[in-house]
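The structure appears below as structure tokens.
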Amino acid sequence: QEQLVESGGGLVQAGGSLRLSCAASGRTFSSYSMGWFRQAPGKELKLVAGVRRNGSVYYVDSVKGRFTISRDNAKNTSYLQMNSLKPEDTAVYYCAATAHWGVPADVSEYDYWGQGTQVTVSS
């Protein structure tokens, strides 16, 4: 059983940076692949980035070169470093854990979810 808690969201100007954290409370964090999703107002929940159990990563094209996902298994934490933020990055960001080897885009493939953290980028 994993409980996920996100932190690090907030209001930032375009071009700024934020680092989101996702802390897991269980003992099996290293056995899960982690995904970061976001949901903008009126839009679907979408996968933004993922980090597999072996540390390999995935990014959606719109954040490549700006976002960096990582994990620290010793701290049971996943991070999403977001640089060069744009107004279109405004959304509620969620972390999620899946027992799948990969980082599927289908939200139903994830076993645990955090409560979400708001990121607002002003122009």
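Would you say F37 is within 26 Å of Q1 (Cα to Cα), open to solvent by less than 40 Å² (accessible area, probe 1.4 Å) and modelled with pLDDT under 95? When the stated conditions are applied, F37 does not pass them.
Kindly establish whether L85 is at pLDDT 95 or above, buried (at least 16 other Cβ atoms within 10 Å of the Cβ) and part of a loop (DSSP other than H, G, I, E, B). Spelling it out, L85 is indeed at pLDDT 95 or above, buried (at least 16 other Cβ atoms within 10 Å of the Cβ) and part of a loop (DSSP other than H, G, I, E, B).
Counting only strands (runs of 3 or more DSSP E) that fall entirely inside the range 1-82 and contain at least 3 residues that are over 19 Å from T98 (Cβ atoms), the qualifying elements are 10-13.
Could we say that W101 is open to solvent by 30 Å² or more (accessible area, probe 1.4 Å) and in contact with a Cys (Cβ under 8 Å, 6 or more places away or on another chain) here? It is false that W101 is open to solvent by 30 Å² or more (accessible area, probe 1.4 Å) and in contact with a Cys (Cβ under 8 Å, 6 or more places away or on another chain).
In the set (1) touching a strand residue (DSSP E or B) at 6+ places or on another chain (Cβ under 9 Å); (2) within 20 Å of S25 (Cα to Cα); (3) not acidic (D, E), the condition left unmet by L47 is number (2).
For L20, the stated conditions hold: it is open to solvent by less than 60 Å² (accessible area, probe 1.4 Å), at pLDDT 95 or above and closer than 14 Å to G116 by Cβ.
The values are calculated or read from the model by the stated rules, or taken from the named source; none is laboratory data. Everything numeric in this text was worked out from a predicted model, so none of it was measured. Glycine gets a Cβ as well: all are built from the backbone with ideal geometry, and neighbour counts include every protein chain shown. What goes into the accessible areas is simple: the full protein's heavy atoms, side chains included, and nothing from ligands, DNA or RNA. Shrake-Rupley method; radii C 1.70, N 1.55, O 1.52, S 1.80 Å.
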